[in-house]
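Data first, discussion second: the structure below is written as structure tokens.
The values are calculated or read from the model by the stated rules, or taken from the named source; none is laboratory data. These numbers come from a predicted model, not from an experiment. Cβ atoms come from the backbone with ideal geometry, glycine included; neighbour counts cover every protein chain shown.
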Amino acid sequence: MTQFSPLQDRFGRRIDYLRLSVTDRCDMRCSYCMPQGFSDYEEPEDWLTFDEIERVVASFARMGTSRFRITGGEPLLRRDLSGLAVRLSSLEGVTDMSLSTNGTQLARHAAALKKSGITRLNVSLDSLCAERLHSITRRDALAQILDGLLVAKACGFEPIKINMVVMAGVNEDEIETMAEYCFRHGFVLRLIETMPMGETGRNSGYVDLQPIRLRLQARFGLVDGLVRGGGPARYLVSPDGAGSIGFITPMSQHFCETCNRVRLSVDGTLYLCLGQENQFALRPLLRDGISDDELDAAIRSAIELKPERHEFREQPGKLIRVMSMTGG
Ligand code: SAM
Ligand code: SF4
């Protein structure tokens, strides 16, 4: 058995968070994410099986990574996702299992997901206007998503965070409305700056969230605060603690020096940074019968490849990989 020492990269950052993409497919085509006619999917035989995913998660957990998020593509399109979540959340060392979803299938799956050990949910929602949401996601899904959110709340998920990608001339004018909706339902709103991932990410109308932060602070009387989750968002909260808004600002104020995460794509590639190509293929090793100790050592050597920071601002045209391929 390998001697325990927590996973740490060359820059002294502790890796305690793995984002796990279980599919690169999606039932939406968000303008900043998947290109409209996108069909460059991984072949099913190249998807990691549940057994293989479990081995990778167990290895990370052995090396001190305790927090895992299931994502995609749209993770609820992967058959028996709750079955996978049950297996992962019962592994030794896994203390936090969360899910990111677009919410279209949430109403149907929420109860099983809650029982599976997933506690925290992030749901993407860029507009409360049906027509506008349709033009952003190319799907008519507002009613389904809102229903999914209410069912998830009734099932006891806490917190439920709403991820809103803010786009110039598209939904910028809806931020206050979205904040009021979230405050009313007890959801945490998180505003996200678009990242130049692929042509879609580059062409979606980046908005600097810093002035918006000041505007919301004044409008709702918010103060600096903390919200459970440990991610890169910086939060403003209402003085009574009832409402909160997070700001994810990879462009205007990046947070690379505290980056604690890596990503596993559906084909078993570890991506060490959202904005760089540094990667390490685990699937061939898993299918070659690698032992647990060898897997731990391979992951440790992969972590050595984690770059210091992204270069979204300096080299916005660099990345052709869109978010749904990496696992956002
Ligand atoms: N399909 C699920 C969803 O939409 O929540 C999970 C995967 S999605 C890729 C995860 C997150 O990435 C979403 O909140 C989405 O808004 C965000 N995202 C996708 N492309 C982005 C981009 N270019 N810039 C910023 N956020 C992006
Ligand atoms: Fe699908 Fe999520 Fe990408 Fe939208 S952001 S296209 S829902 S993977």
Among the residues listed as S21, S31, S39, S89, the single one being surrounded by 23 or more Cβ atoms within 10 Å (Cβ to Cβ) and among the small types (G, A, S)
S21
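Table: residues versus (1) modelled with pLDDT under 95; (2) buried (at least 19 other Cβ atoms within 10 Å of the Cβ).
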{"site": "I175", "(1), (2)": "no, yes"}
{"site": "Y181", "(1), (2)": "no, no"}
{"site": "R190", "(1), (2)": "no, yes"}
{"site": "G198", "(1), (2)": "yes, yes"}
Return a yes/no flag: does the stretch 96-107 have any residue that is away from ligand 1 (no atom under 16 Å from the Cβ) and at pLDDT 95 or above.
yes
Just wondering, is there one or more residues in the stretch 154-169 that are farther than 22 Å from R234 by Cα and within 20 Å of the chain's Cα centre (by Cα)?
no
Would it be correct to say that S39 is under 19 Å from the mean Cα position of the chain (by Cα), of a type outside the set (F, W, Y), within 30 Å of T200 (Cα to Cα) and not in a helix (DSSP H, G or I)?
no
Do any helices (runs of 4 or more DSSP H) lying entirely in the stretch 268-328 carry at least 2 residues that are touching a residue at least 60 places away in the same chain (Cβ under 8 Å) and within 16 Å of ligand 1 (Cβ to nearest atom), and which ones are they?
323-326
Tell me, yes or no, whether the stretch 98-109 has at least one residue that is assigned to a helix (DSSP H, G or I), within 19 Å of the chain's Cα centre (by Cα) and within 16 Å of ligand 2 (Cβ to nearest atom).
yes
Looking only at the stretch 221-243, which residues are crowded, with 19+ Cβ neighbours inside 10 Å, farther than 22 Å from R261 by Cα and in contact with a Phe, Trp or Tyr (Cβ under 8 Å, 6 or more places away or on another chain)?
L236, G243
Going residue by residue through the stretch 47-61, is there one that turns out to be at pLDDT below 95 and either over 30 Å from A154 (Cα atoms) or more than 16 Å from ligand 1 (Cβ to nearest atom) (or both)?
no
What number of residues within the stretch 8-33 satisfy the criterion of being near ligand 2 (Cβ under 7 Å from one of its atoms) and within 15 Å of the chain's Cα centre (by Cα)?
3
Is it the case, given these coordinates, that S127 is within 15 Å of ligand 1 (Cβ to nearest atom), small (G, A, S), touching a Ser or Thr at 6+ places or on another chain (Cβ under 8 Å) and in contact (Cβ under 8 Å) with a residue 24 or more places away in the chain?
no
Would you point out the residue of the stretch 123-159, among those that are surrounded by 20 or more Cβ atoms within 10 Å (Cβ to Cβ) and β-branched (V, I, T), that is nearest to R228 (Cα to Cα)?
V123
